[in-house]
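*Asks:* Here's a structure for you.
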Amino acid sequence: MEIEQIKALIRDVPDFPEPGIVFKDITPILAHADAMSTIIDLIVVHFGRGTVDKVVGIEARGFILAAPVAYHFNAGFVPIRKQGKLPWETASEEYALEYGTATLELHRDAIEKGERVLIVDDVLATGGTAQAAASLVERCGGVIRGISCLIELEFLKGRSKLEDYEVHTFIQY
Ligand code: AMP
């Protein structure tokens, strides 16, 4: 399936979850067997088998993409979650939102020293979430293999926060 066909499946939802935000709804992609398998395959081909030890998914939509990617890499899956959700000892990282701050957490023992880690999420917007995730992985001993997001909102310049990393996106706005 072509990327343009996959892009056409994305549903723009204005003023969700708050006024002024155009939410990129990827559920029509997730529900489309060819679109979903194309995306997962392209991520695996882009980074290459044998180059990733752990795939980190960012709550919540990142989980959905990261788990099948991990399976195809024969890599482990590791969740990064919002504060207070993970049951074991965590490392946590606070980052700036448009208004206020948020905190992401990672189990301290989820990544072994030197493991090559691919971070996966649905949308790269301001880059704060991906930057916090990368910092958590590094603090826990991982080496960032790359960051893969389905959608990149280029006008928010999230990439500028991630210059140290290989950032791979499929669909840009
Ligand atoms: P940011 O930290 O600004 O890069 O925001 C990225 C996170 O927020 C990702 O986990 C996305 O799921 C979510 N996100 C940000 N903007 C949007 C949007 N316009 N549509 C859907 N999700 C978004």
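The values are calculated or read from the model by the stated rules, or taken from the named source; none is laboratory data. Because the structure is predicted, anything quoted here is derived from the model rather than measured. Please note: Cβ atoms are built from the backbone with ideal geometry, for glycine as well, and neighbour counts cover all protein chains shown. Only protein heavy atoms, including side chains, enter the accessible area calculation; ligands, DNA and RNA are left aside. Shrake-Rupley method; radii C 1.70, N 1.55, O 1.52, S 1.80 Å.
*Asks:* Return the residue satisfying two criteria in turn: it lies in region 22-35 and is open to solvent by less than 80 Å² (accessible area, probe 1.4 Å) and not hydrophobic (A, V, I, L, M, F, W, C), and of such residues it is nearest to the ligand (Cβ to nearest atom).
*Replies:* It comes out as 24.
*Asks:* Residues being open to solvent by 30 Å² or more (accessible area, probe 1.4 Å) and under 15 Å from residue 46 (Cα atoms): count how many of those fall in region 70-79.
*Replies:* First, pick out the residues of region 70-79 that are open to solvent by 30 Å² or more (accessible area, probe 1.4 Å): 71-72, 74, 77, 79.
Those left that are additionally under 15 Å from residue 46 (Cα atoms): 72.
Adding up the residues that qualify gives 1.
*Asks:* For region 66-99, name all the residues that are over 13 Å from the mean Cα position of the chain (by Cα), aliphatic (A, V, I, L, M) and modelled with pLDDT of 95 or more.
*Replies:* Result: 75, 86, 91.
*Asks:* Filter region 146-167 down to the residues that are of a type in the set (Ser, Thr, Tyr) and surrounded by fewer than 19 Cβ atoms within 10 Å (Cβ to Cβ) and list them by number.
*Replies:* 160, 165
*Asks:* For region 80-136, which fully contained strands (runs of 3 or more DSSP E) count at least 1 residues that are open to solvent by 40 Å² or more (accessible area, probe 1.4 Å), at negative phi and without any contact (Cβ under 8 Å) to a residue 24 or more places away in the chain?
*Replies:* Values: elements: 90-96, 101-107, 116-124.
Result: 101-107.
*Asks:* Can you run down the residue pairs with Cβ atoms below 8 Å, 6 or more apart or on separate chains, where the first is in region 29-56 and within 28 Å of residue 113 (Cβ to Cβ) and the partner is of a type in the set (Gly, Ala, Ser) and open to solvent by 30 Å² or more (accessible area, probe 1.4 Å)?
*Replies:* Hits for this filter: 55/67.
Yes or no, residue by residue, for (1) in contact with a strand residue (DSSP E or B) (Cβ under 6 Å, 6 or more places away or on another chain); (2) within 16 Å of the ligand (Cβ to nearest atom); (3) under 23 Å from residue 49 (Cα atoms):
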site: 89; (1), (2), (3): no, no, no
site: 104; (1), (2), (3): yes, yes, no
site: 124; (1), (2), (3): yes, yes, no
site: 142; (1), (2), (3): yes, no, yes
site: 152; (1), (2), (3): yes, yes, no
site: 166; (1), (2), (3): yes, no, yes
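*Asks:* A follow-up question, please. Filter region 129-140 for residues that are over 13 Å from residue 57 (Cα atoms) and more than 10 Å from the ligand (Cβ to nearest atom) and give the result. Write out each step before concluding.
*Replies:* First, pick out the residues of region 129-140 that are over 13 Å from residue 57 (Cα atoms): 131, 135, 138-140.
Answer for region 129-140, where residues must be over 13 Å from residue 57 (Cα atoms) and more than 10 Å from the ligand (Cβ to nearest atom): 135, 138, 139, 140.
*Asks:* Among the residues of region 1-18, which ones are surrounded by 13 or more Cβ atoms within 10 Å (Cβ to Cβ), within 21 Å of residue 62 (Cβ to Cβ) and aliphatic (A, V, I, L, M)?
*Replies:* 3, 6, 9, 10
This table checks each residue for (1) in a loop (DSSP other than H, G, I, E, B); (2) within 16 Å of the ligand (Cβ to nearest atom); (3) open to solvent by 50 Å² or more (accessible area, probe 1.4 Å); (4) within 29 Å of residue 102 (Cβ to Cβ).
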{"site": "20", "(1), (2), (3), (4)": "yes, yes, yes, yes"}
{"site": "37", "(1), (2), (3), (4)": "no, no, yes, no"}
{"site": "45", "(1), (2), (3), (4)": "no, no, yes, no"}
{"site": "52", "(1), (2), (3), (4)": "yes, no, no, yes"}
{"site": "55", "(1), (2), (3), (4)": "no, yes, no, yes"}
{"site": "65", "(1), (2), (3), (4)": "no, yes, no, yes"}
{"site": "68", "(1), (2), (3), (4)": "no, no, no, yes"}
